[in-house]
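Accompanying notes for the structure given below.
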Amino acid sequence: MARPSNSFDSVSMTIAVTPQIKMYLEDLTLDGTYGSSPAEAARLLISQAIESKIKDGLLTRRKFMIQDGDVVALPLPA
């Protein structure tokens, strides 16, 4: 499944997982639904988890803008 285009550049981030988690991430890539690599599967799962937390009210959706080439979060409503 193709992912939607992102209007912001991606940043690289390193995480450590157990061998078991890596195997589950590899399993998710077998049919391509969660990308073609464990890293892409992890990115998609993180994105889904954040969306879920926003929906549940545990996170507030932020708005972002690009200012002088940097991504800046707009202030949250009071």
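Cα-based Rg (one decimal) and Dmax (whole number) for the chain, in Å?
Here Rg and the maximum Cα pair distance are 15.3, 45 Å.
Dipole magnitude of the chain about its Cα centre, charges +1 at Lys/Arg Cβ and -1 at Asp/Glu Cβ only, in debye to the nearest 20?
300 debye
Normalised by the residues of the stretch 19-73, what does the relative contact order come to in percent, with Cα pairs under 8 Å and at least six apart?
In percent, rounded to a whole number, it is 17.
We did not get these values from a lab; they are worked out from the coordinates using the rules stated. Here the structure is a predicted model, which means the values were calculated and not measured. As a convention, Cβ positions derive from the backbone with ideal geometry for all residues, glycine included, and neighbour counts pool all protein chains shown.
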